[in-house]
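Note sheet for the following structure.
Computed from the coordinates by the stated procedures, all read-outs in this text should not be read as laboratory data. As the structure is a prediction and not an experimental result, all values here were calculated from the model. In this analysis, Cβ positions are derived from the backbone assuming ideal geometry, glycine residues included, and neighbour counts consider all displayed protein chains.
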Number of protein chains: 2
Amino acid sequence: MRVGELSKRSGVPVPTIKYYLREGLLPAGVLTSPNQAHYDDEHLRRLRLVRALVDVGGLSIATVREVLAAVDTRDESMHTKLGAVQEAISQPGQVELDPLAVKDVQAFCDRNGAPEGFDVGSSSVTQMLAAALSAARSVGHHHFQEVLDPYLEGMRIIAKADLDYIAHRGARDDVIEAMVVGTLIGDAVLKAVRRLAHAQASRDAIGEGTA
Amino acid sequence: MRVGELSKRSGVPVPTIKYYLREGLLPAGVLTSPNQAHYDDEHLRRLRLVRALVDVGGLSIATVREVLAAVDTRDESMHTKLGAVQEAISQPGQVELDPLAVKDVQAFCDRNGAPEGFDVGSSSVTQMLAAALSAARSVGHHHFQEVLDPYLEGMRIIAKADLDYIAHRGARDDVIEAMVVGTLIGDAVLKAVRRLAHAQASRDAIGEGTA
């Protein structure tokens, strides 16, 4: 297909596609004449992945380039590739970590058999967790880590649904694109669903009629 | 206690306390001399709640005032009060809602017995959900609503843990303060725990060794 068709099928404007080509985020098409290139379904897939990383993930062009390099490495398993993308889209903000919160996170990971690479210090995911528990401690909530085990229990059900959602995608770029979209949009969906679950639980526990 | 002691016990600087007093977010203390006021544990509780709403919840002073008015209304149940606070801390961003996403949210609420007040259009929580599903549709994910039911199933376990966390707090302001902190810091904790659950599920399903 030509660049116009690629734009139409992906929903990405032609000037943006040309920008991605210049930045090396999208491989060049096959030249069919001096100023016309041909693109295929692989380009379309890659373009959708780049858009998910930039628009949904909010990643910088430099970070997208790193993520794509990890995706394209031949000798890594899909599990490792997914892990690398997760790390890239899970950057914690700049926060002072409370050493007690770090200790809580380490204990939580140890007792729940966290996969390799989830050490506080090396993983952005555990850093994000330690940052949130540090924030809780800073406003006087020193026992918030008590919720971690039931949180993980609930999240296992949710993670299974997430994996089912991406399972039937064949191409590697499609799997990763679905994971990025599902992870980031899923976070927003879960925030809302959690509030609905709160309202249901509060109605059941406290009752709508009691004071 | 004097204002200095109130500051020390709450961790809120004296000038900030004076600002809250001027803005009517904190009731005046009892004057013990022309320029000295006395504060009690009720002031301390209210101050912690205001700080949670402002610092953790990121609410404007005007919104905090509305939330406190709802909290202080005598003839509403705790369930109603908690719902009003949830709405205030769950403002969705400005987004174009996709009518198909709105339909999906309505169907989801209907089949899961959402509590009263969860109509799309009147509730900020369902709006947040419709906004997230609209974002998914805008990047070509038209079936993301398939995850909603398992998401709710997992979130019921998490909501139970949340309710347990706030259950043993006696005073009304403490319950609400714990709910605000738990909801907002809990969102960040859940994002991290979800990524850990993904890594575990991916390891189990795909395997670390396979390509």
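Per-structure values
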{"item": "Considering residues of segment B:157-172 that are of a type in the set (Val, Ile, Thr) and under 30 Å from A:ASP164 (Cα atoms) only, the residue surrounded by the fewest Cβ atoms within 10 Å (Cβ to Cβ)", "result": "B:ILE157"}
{"item": "Options A:ALA135, A:ALA114, A:ALA161; residue that is in a loop (DSSP other than H, G, I, E, B), among the hydrophobic types (A, V, I, L, M, F, W, C) and at the interface with another protein chain (Cβ under 7 Å from one of its Cβ atoms)", "result": "A:ALA114"}
{"item": "Selection count, segment B:20-52, where residues are small (Gly, Ala, Ser), surrounded by fewer than 21 Cβ atoms within 10 Å (Cβ to Cβ) and outside any strand (DSSP E or B)", "result": "3"}
{"item": "Among (1) surrounded by fewer than 13 Cβ atoms within 10 Å (Cβ to Cβ); (2) more than 18 Å from the chain's Cα centre (by Cα) - the single one A:ALA62 does not satisfy", "result": "(2)"}
{"item": "Segment A:128-144: number of residues that are surrounded by fewer than 23 Cβ atoms within 10 Å (Cβ to Cβ) and either in contact with an Asp or Glu (Cβ under 8 Å, 6 or more places away or on another chain) or of a type in the set (Val, Ile, Thr) (or both)", "result": "4"}
{"item": "Pair list, Cβ under 9 Å, 6 or more apart: segment B:28-52 residue within 14 Å of chain A (Cβ to nearest Cβ), other residue of a type in the set (Phe, Trp, Tyr) and not in a helix (DSSP H, G or I)", "result": "B:LEU47/B:TYR39"}
{"item": "Residues of segment B:164-203 that turn out to be at the interface with chain A (Cβ under 7 Å from one of its Cβ atoms) and of a type in the set (S, T, N, Q), as a count", "result": "2"}
{"item": "Index of the failed condition, A:VAL71 passing every other in (1) over 24 Å from B:ILE158 (Cα atoms); (2) in contact (Cβ under 8 Å) with a residue 24 or more places away in the chain; (3) outside any helix (DSSP H, G or I)", "result": "(3)"}
{"item": "From A:VAL125, A:VAL175, residue being surrounded by 24 or more Cβ atoms within 10 Å (Cβ to Cβ), assigned to a helix (DSSP H, G or I) and of a type in the set (Val, Ile, Thr)", "result": "A:VAL125"}
{"item": "Count of residues meeting criterion [crowded, with 20+ Cβ neighbours inside 10 Å and either among the basic types (Lys, Arg) or over 14 Å from the mean Cα position of the chain (by Cα) (or both)] in segment B:80-95", "result": "1"}
{"item": "Any chance A:GLY154 is buried (at least 22 other Cβ atoms within 10 Å of the Cβ), part of a helix (DSSP H, G or I) and in contact with a Gly (Cβ under 7 Å, 6 or more places away or on another chain)", "result": "yes"}
